[in-house]
1. Give me the residue from segment 146-164 that is under 21 Å from the mean Cα position of the chain (by Cα), more than 19 Å from residue 102 (Cα to Cα) and not in a loop (DSSP other than H, G, I, E, B) and, out of that set, modelled with the highest pLDDT.
2. For residues that are in a helix (DSSP H, G or I) and of a type in the set (Asp, Glu), scanning just segment 170-222, find the one that is farthest from residue 122 (Cα to Cα).
3. Mind telling me which of the residues 94, 83, 56 ends up being exposed (fewer than 15 other Cβ atoms within 10 Å of the Cβ), among the hydroxyl-bearing types (Ser, Thr, Tyr), under 19 Å from the mean Cα position of the chain (by Cα) and closer than 19 Å to residue 190 by Cα?
4. Give 111, 132, 121, 105 a once-over and let me know the one that is surrounded by fewer than 16 Cβ atoms within 10 Å (Cβ to Cβ) and of a type in the set (A, V, I, L, M).
5. Quick check, is residue 96 β-branched (Val, Ile, Thr) and under 30 Å from residue 158 (Cα atoms)?
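The values are calculated or read from the model by the stated rules, or taken from the named source; none is laboratory data. These numbers were taken from a predicted model, which means no experiment stands behind them. Ideal geometry is used to build each Cβ from the backbone, glycine not excepted, and the neighbour counts take in all protein chains shown.
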Amino acid sequence: MTAEPVVGTETTTKTRYDADTLAALTADATAIMERYPDPRSGLLPMLHLVQSVDGYVSRDGILFCAEMLGITAAEVSAVATFYTQYKRHPNGTYTVGVCTNTLCAVMGGDAIFDELSDHLAVGHDETTPDGAITLERVECNAACDYAPVVMVNWEFFDNQTPETATALADKLILGEDVVPTRGAASVCSFKQMSRILAGFPDGRADEGAGAGEPTLAGLKIARERGWTAPDAAGPRVDPAGTEPVGKPGSSAERKPATPSDTTVGKDKKPGEDAK
């Protein structure tokens, strides 16, 4: 179904946005919808868009998305409640996310979260009374090579300790500038970050270094030793081009090598471990 965008006027919307806000939202939402063959595919960035205005996915934001896409508010809510980056209550100016997944936890992530929670007197997905910080446990910040990692509105602060993390939080509360370890030269607000996620760049994508020495260590070793990625069509070959190295790149092409590859036990299928 191809949805027709609504006209941004008070007579065609159930939202409570003022005329100027509604007109700006409608223009941006229309631009989002035009990116996709099916306009409904624009719902995810559109939710970020309303979050960039309201600071969370509000009732009005849900109604606006539903009206623009010609779907129900319930359908919009089902998506908004599924993904953790969409907030259903007002978010702080800064989302401070502490990775507590396995590696970061082992390296001190749990201790950092506990210290920040005590220091700020808030728990997971709670916001400080001044509205400055929303604290989160993050399942993975995708930066294991710099564990433990804290992110502020998805900007990296690597190799943190409880002390450096609380000092970072204090600076954010005081409105002082903070500089991420990698990437952009500064941290934008939650609303500004939401607009970026909606697909409206702020021109800072090329600021700073994206990958540091720990990230590139494996690549450096591979180049020094002449290693290459496996070819799905067959086994790798050593740099001299004569001897196979390792197993075929695709498990579907690997020949049976053990009894468990062919033996069918109780409630087992071929290829599963027989017990």
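1. If we take residues in segment 146-164 being under 21 Å from the mean Cα position of the chain (by Cα), more than 19 Å from residue 102 (Cα to Cα) and not in a loop (DSSP other than H, G, I, E, B), then 152 is modelled with the highest pLDDT.
2. 213
3. Residue meeting the stated conditions: 83.
4. 121
5. So residue 96 passes the test.
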